[in-house]
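First comes the structure, then the notes that go with it.
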Amino acid sequence: MQRLALFDLDKTLIDLDAAFLLWAEEFAEQHRLGRKGVDHLISLNRNGLPHRELFFAKVRERFKLSATAASMWAAYRRRMPRLVECRPEVMTGLAELRAAGWRVGIITNGTPDNQLGKLQRTGLAEAVDGYAVSGIEGIRKPDAGLFEIAAQRCGMNPGEGGWMIGDNLVADIEGGRAAGLRTVWIDRTVRPREEHQADHVVSDVMQAIALLHQDGGGS
Ligand SMILES: [Mg+2]
């Protein structure tokens, strides 16, 4: 199996929840929503609304804000790239994988401004061999096409295997499997554990990187 490691971005390489909390505190302050406002934003986020525009429609309704949902969503996309961080140990982990002969890529669903902004602000864009953003390519995980684009950007052949590492069971794990990749699921769910078909389950991306070094791409 070729030494290809594709990583999801949000909640895999970067802690999106920590960035969201910072954003929620800023937003609540701007709109004078108070601590209860922050808590409400966090609980709305936790409920996993499928799209941020719907999230902002609910926020607007709840707090009777005059700005449109679309404009708040646009402001969010401008701000979030400045609030996310990639831990130094994760940056080092990716560099060590590449030094060990792995090609490393990032595959993420989302809008070009938000996702590309995060990749560039964190330094991840420069730290990997290639990346594929759904909003740029016009195709989303779990569609195998986005995995193929990411593999090609890394100079590898789609269909010759590799690994996909991510926190979403559908987009990352089912998608990765359908693209012929072995998978590591970063399990952030509360127990009981969900049904899954991942090859490995870990709680943090550093454990996934350690697994790849053990595997060596050989099995
Ligand atoms: Mg994710």
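For this structure, a couple of remarks:
- Whichever aspartates and glutamates have a C-alpha closer than 19 Å to that of LYS36, once near sequence neighbours (fewer than 8 apart) are set aside: ASP17, GLU25, GLU26, GLU61
- Annotation: amide H of TYR131 within the under-5 Å range of ILE106, sequence separation 5 or more or interchain, hydrogens built in the peptide plane.
- Coordinate range along principal axes, alpha carbons of the stretch 92-165, Å, largest first: 32, 30, 18
- Straight-line cross-link partners of LYS141 among the lysines, defined as a Cα under 19 Å from its Cα and at least 8 positions apart when in the same chain: LYS11, LYS118.
- Alpha-carbon centroid distance for the pair the stretch 135-168 / the stretch 82-134, whole angstrom: 14
- Across every pair of non-identical alpha carbons in the chain, the mean reciprocal distance, once inverted, gives a Kirkwood radius of 18.0 Å.
- Helix 88-99 and the longest principal axis of the C-alpha atoms of the chain enclose an angle of approximately 30°.
- Annotation: peptides 113-122, 58-67, 86-95, 145-154, ranked by per-residue average of other Cβ atoms within 10 Å with the highest first, follow the order 145-154, 113-122, 86-95, 58-67.
- Of the peptides 1-11, 16-26, the ranking by mean beta-carbon count within 10 Å, highest at the top, reads 1-11, 16-26.
- Calculated FRET efficiency for the pair THR111/MET1, C-beta based, R₀ 41 Å, to 0.05: 0.80
- Computed from Cα positions, the angle between helix 112-122 and the longest principal axis of the chain comes to roughly 70 degrees.
- Rounded tilt (10° steps) of 16-30 against the dominant C-alpha axis of the chain: 20
- Ellipticity at 222 nm from helices only: DSSP H runs of n ≥ 4 in the chain, each -39500 (n - 2.57), divided by the residue count, give -15000 deg cm²/dmol.
- Dipole magnitude for the chain: about 840 debye, using +1 per Lys or Arg Cβ and -1 per Asp or Glu Cβ, origin at the Cα centre.
Where a number appears in this text, it was derived from the coordinates with a stated rule and is not lab data. Being a predicted model, the structure only gives us computed values, none of them experimental. Counting neighbours? That spans all protein chains shown, and the Cβs are built from the backbone with ideal geometry, glycine included.
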